[in-house]
1. Just a yes or no: is a residue in the stretch 470-487 touching a residue at least 40 places away in the same chain (Cβ under 8 Å) and in a helix (DSSP H, G or I)?
2. Taking residue 422, is it surrounded by 15 or more Cβ atoms within 10 Å (Cβ to Cβ) and either under 24 Å from residue 365 (Cα atoms) or in contact with a strand residue (DSSP E or B) (Cβ under 7 Å, 6 or more places away or on another chain) (or both)?
3. With respect to the numbered conditions (1) assigned to a loop (DSSP other than H, G, I, E, B); (2) under 23 Å from residue 361 (Cα atoms); (3) modelled with pLDDT of 85 or more, which one is the sole condition not fulfilled by residue 376?
4. Of all residues being out of contact with any helix residue (DSSP H, G or I) (no Cβ under 7 Å at 6 or more places or on another chain) and surrounded by fewer than 18 Cβ atoms within 10 Å (Cβ to Cβ) in the stretch 384-393, which is modelled with the lowest pLDDT? Just the residue, please.
5. Residue by residue through the stretch 537-561, note down the ones that are in contact (Cβ under 8 Å) with a residue 40 or more places away in the chain, under 17 Å from residue 604 (Cα atoms) and surrounded by fewer than 16 Cβ atoms within 10 Å (Cβ to Cβ).
6. Please count how many residues of the stretch 92-125 are on the phi > 0 side of the Ramachandran plot and buried (at least 16 other Cβ atoms within 10 Å of the Cβ).
7. Do the conditions hold for residue 362, that is, is it surrounded by fewer than 16 Cβ atoms within 10 Å (Cβ to Cβ) and at pLDDT 75 or above?
């Protein structure tokens with residue numbers, strides 16, 4: 001078996017991997033910052049970078065002054081948070097001056113407190129690498145909102161801070177010559193806490209300033225002062241000797257601040273607790289604990305870590321709840337607007353009748369207010385009070401449909417009339433479907449109600465207009481096919497009838513006989529008695545012929561005093577008998593016109609032959625009519 005690998009060798013390999021990844025990230029950042037070197041620094045960039053450097057120096061100075069561990073390491077390193085926050089918030093052209101001023105501030109503060117130049121340089125490089133790694137990690141893995149209430153951004157920030165702190169610890173261990181495990185763990189926890197505590201605080205202040213200006217600071221000054229006083233007082237009690245039994249109080253304070261102020265309250269309260277705890281803890285008197293670490297420092301760091309882990313998820317959940325409430329309010333408002341615009345409301349009716357819920361639009365459609373109907377004590381399934389608003393003729397239909405839907409657990413649809421209290425009525429259309437709970441059990445009915453009064457009126461108007469249009473079309477058709485004087489079929493219509501009959505005759509092999517009738521001496525009637533009497537004669541002759549024909553026969557006016565009779569299914573003698581009866585009936589008619597004793601007709605009769613065309617048939621009948629007139633009129637002539 002080979003030689004075993006020690007824990008420190010594994011740690012060294014892990015540190016090497018972390019450093020390689022950190023080097024790649026830093027080179028990428030420097031490559032991105034390269035183009036900014038060609039620009040001359042502006043007054044604003046110099047002022048910002050100077051302010052960041054001064055803040056970094058002061059925080060580093062007081063951290064080293066008041067909270068030095070046995071190894072000379074600060075318990076919390078807020079300077080890291082200031083640097084990371086500056087890189088996250090600053091524009092790219094300002095980042096390089098910020099890095100330069102922070103580098104100078106770190107070197108000065110570390111040398112001031114006894115670090116050698118090599119140690120100070122190692123610590124400085126570690127802090128700079130940490131900030132670059134965290135910000136690069138954030139730029140790659142999170143959106144640019146820098147919103148503490150955004151769960152995604154917050155999680156990436158936590159992961160980036162932990163990774164950047166590990167990188168910083170590895171760099172400081174290697175470059176400063178402190179390769180012990182206690183130094184690595186202590187450094188990592190120190191810079192990690194500093195970043196986790198300070199970055200949210202800085203982002204909160206800057207965001208508030210940008211969004212609300214000086215009013216943000218003035219408004220929150222009193223709250224911040226009160227919170228500072230309360231936390232300082234509580235901290236002096238808790239972190240004093242024998243005050244451990246009150247350690248739960250800061251947790252309560254942070255939770256209350258988070259509930260009241262969200263992420264802002266969480267960041268401010270945790271920062272104050274960290275400051276208070278640092279000021280009121282005597283680290284010099286602490287003994288060595290786990291892994292050779294100062295036990296009071298380790299306890300405080302872990303205590304703050306627990307606070308952070310408890311508060312930030314709570315803050316994100318509260319913010320998410322507020323966003324959901326805002327979204328719900330906006331969505332509900334849009335739904336009400338959409339329902340009002342479309343005149344569509346929704347309702348829910350549970351299976352037991354213990355709950356009936358109407359949207360505002362349903363009340364509006366029914367013409368009542370929410371106070372007019374009380375559904376809070378349940379609804380009778382067999383006869384709900386809401387049915388009283390329906391037209392009496394529709395009430396039972398709606399009730400039966402809803403009861404059937406409840407029993408069968410099926411969807412439904414109906415149209416009905418709603419009688420409003422003011423006496424008006426509205427047409428409504430309702431559709432719905434069953435609703436089931438998470439276990440698949442039937443829960444009730446969900447439905448929509450739409451006011452379709454306007455649509456119903458339009459449909460009724462369209463129905464009336466359609467009926468009128470159909471009637472007008474039929475009237476136009478009748479006028480186009482009817483002889484204006486006699487009221488019988490005109491030439492076009494009677495010829496169409498003959499064409500139809502002739503086709504049917506060929507299909508069924510039936511006979512068809514036609515007759516062309518002509519009023520004898522009709523010109524003399526017009527000349528002697530006038531055209532009015534002539535029109536009377538034509539109408540009377542048409543009436544007699546129509547009365548004598550069968551329902552299956554066709555009859556129309558060809559023009560002038562000529563008429564065409566079509567006898568389907570007749571031939572030879574039977575057709576002649578029908579036509580002879582017509583001739584005699586007209587000849588026997590008595591006229592109430594002085595000087596007009598008798599009116600007679602002549603007829604040419606022809607039976608359609610096999611494969612004969614309609615034109616040939618008409619020509620033979622016309623020739624037979626001519627022969628009848630030549631032979632003395634008032635008689636029938638059968639075509640040859």
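1. Within the stretch 470-487, the subset touching a residue at least 40 places away in the same chain (Cβ under 8 Å) is 483, 485-487.
Now drop any that are not in a helix (DSSP H, G or I), which leaves none.
Among the residues of the stretch 470-487, not one is touching a residue at least 40 places away in the same chain (Cβ under 8 Å) and in a helix (DSSP H, G or I), which makes the answer no.
2. Judged against the criteria, residue 422 is not a match.
3. With (1) assigned to a loop (DSSP other than H, G, I, E, B); (2) under 23 Å from residue 361 (Cα atoms); (3) modelled with pLDDT of 85 or more applied to residue 376, the lone miss is (3).
4. Initially, the stretch 384-393 is screened for residues out of contact with any helix residue (DSSP H, G or I) (no Cβ under 7 Å at 6 or more places or on another chain), giving 384-386, 388, 391-393.
Those still in the list that are surrounded by fewer than 18 Cβ atoms within 10 Å (Cβ to Cβ) too: 385, 388, 391-393.
Numbers: 385: 68, 388: 79, 391: 87, 392: 87, 393: 89.
Result: 385.
5. Answer for the stretch 537-561, where residues must be in contact (Cβ under 8 Å) with a residue 40 or more places away in the chain, under 17 Å from residue 604 (Cα atoms) and surrounded by fewer than 16 Cβ atoms within 10 Å (Cβ to Cβ): just 559.
6. Here the count works out to 0.
7. On the way: surrounded by fewer than 16 Cβ atoms within 10 Å (Cβ to Cβ): no; at pLDDT 75 or above: yes.
Criteria not met by residue 362.
Residue-wise test of (1) modelled with pLDDT of 85 or more; (2) crowded, with 22+ Cβ neighbours inside 10 Å; (3) within 21 Å of residue 182 (Cα to Cα).
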site	(1), (2), (3)
127	yes, yes, yes
138	no, yes, no
145	no, no, no
157	no, yes, no
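The values are calculated or read from the model by the stated rules, or taken from the named source; none is laboratory data. Just so it is clear, the structure is predicted and the values come from calculations on it, not from any experiment. Virtual Cβ from ideal backbone geometry, glycine too; neighbours counted across all protein chains shown.
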